[in-house]
Amino acid sequence: MIPLDTSPIVGPAPRRADSHKGDYGHILLVGGSLGMSGAITLSALAALRSGAGLVTVAVPESVLPTVAAAEPSYMTWPLPCNAHGQLTAAAAQALAPLWEKADVLAVGPGLGRSEAAVQLVRHLYAEWPKPMVVDADGLYALAGWPAATLKPRLLTPHPGEFLRLCPDAPRERSLQEEAAVTWACEHRVVLILKGAPSLVTDGRRAAYNPTGNPGMATGGSGDVLTGIAAAVLAWQTDLYQAARLAAYVHGLAGDLAARRLGQVALIASDLVRYLPAAWKKLARTT
């Protein structure tokens, strides 16, 4: 393992009095499917609660009414889907009008694992020129595919997802972390390898995230992290530092929620509810 980074976490600078929504990034989130609309909704809510100026959620048209009804503060965009609520091959073309508008892309939560979804993720991964976060079913799409790129990419796998990306990696945690550092370096990406604690690495730097608790081991928690990371990438150009900050705030929201609610009762939407308090604790005065 390379020497661990123990430098302090730095939150966003105070907002200028004359700033507007365009100064804080337009986040495009792609995901959702029939029965899995909650995942992308959590990501979108987390992006809003992490300072994004604009959020657009692109989902299969069959679940768009459900996603749109969850929160009036984000925009929605319909993607063509089949009778099972899964994306079709036309989804890539349907996203084209959003490419110039969005500053950061996040893909994967609730997306499903159809062949069309896999091809869409690979297309976006290879062609999207701006920062991109990949999680959940987006990581499934990248497994077994040569995905090295010079474009800014942040991947957020749990250990099982990392093993799909890197089948030769050991299962023992310490050895898997070493493999993650090597894999991140070889593929020129930043990884948040989830765990207790999570490891953040770009292959040259590595840090353990000190926040978080077992109450966050619940469905949807990772989707919240995806939204936080996407929002941070709108202003933090260093992907590694953005990943460190996103992981820290995600865990801090979980710690604040657990302190009030307990670990057993904690659910993913509680993380979104406690994001304002987490960001407030990190607020800079200058």
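Structure notes:
- Top of Leu150, Leu45, Leu105 by mean-square fluctuation, Gaussian network on the chain, Cα under 10 Å: Leu150
- Met1, Met36 arranged by Cβ crowding within 10 Å, fewest neighbours leading: Met1, Met36
- Extension gain (nm, one decimal) between Met1 and Ala96, 0.36 nm per residue minus Cα-Cα: 30.1 nm
- Taking the chain and dividing mean pair separation by its residue count, relative contact order in percent (alpha carbons under 8 Å, at least six apart): 21
- 12 Å beta-carbon shell around Trp235, net charge (K/R +1, D/E -1): -2
- Taking the fewest neighbouring Cβ atoms within 10 Å as the starting point, the ordered list for Arg164, Arg284 is Arg284, Arg164.
- Annotation: lysines with alpha-carbon distance below 28 angstrom to Lys151 (same-chain offsets under eight excluded): Lys21, Lys101, Lys130, Lys194.
- Highest GNM mean-square fluctuation among Leu175, Leu275, Leu87, for the chain modelled with Cα contacts below 10 Å: Leu175.
- Segment Ala217-Thr88, extension gain: residue separation times 0.36 nm, minus the distance between their alpha carbons: 43.2 nm
- The residues Asp5, Asp18, when put in order of fewest to most other Cβ atoms within 10 Å, stand as Asp18, Asp5.
- Stokes-Einstein diffusion for segment 101-168 at 20 °C, viscosity 1.002 mPa s, with a Kirkwood radius from C-alpha pairs, works out to 178 µm²/s.
- Annotation note: GluC sites (Glu not before Pro) in segment 64-144 located in DSSP loop regions with a Cβ neighbour count of at most 10 within 10 Å are Glu100.
- Two-site label geometry, Met75 and Ala277: point separation in nm, points 7 Å out along Cα→Cβ: 3.4
- When the chain is treated as a GNM with alpha-carbon contacts under 10 Å, the residue of Leu261, Leu29, Leu142 showing the greatest mean-square fluctuation is Leu261.
- Rounded D (µm²/s) - segment 136-286, Kirkwood Rh over Cα pairs, Stokes-Einstein at 20 °C, 1.002 mPa s: 136
- Structure-derived Cα extents along the principal axes in Å - corresponding label in [x] 48, 48, 38; [y] 121, 38, 29; [z] 74, 37, 34: [x]
- Value at 222 nm in deg cm²/dmol, rounded to 500, when DSSP H runs of n ≥ 4 in the chain each add -39,500 (n - 2.57): -12500 deg cm²/dmol
None of the figures in this text is laboratory data; all of them are computed from the coordinates on show. Keep in mind that what you see is a predicted model, and the values were worked out from it rather than measured. Cβ coordinates were reconstructed from backbone atoms using ideal geometry, including for glycine residues, and neighbour counts include every protein chain displayed.
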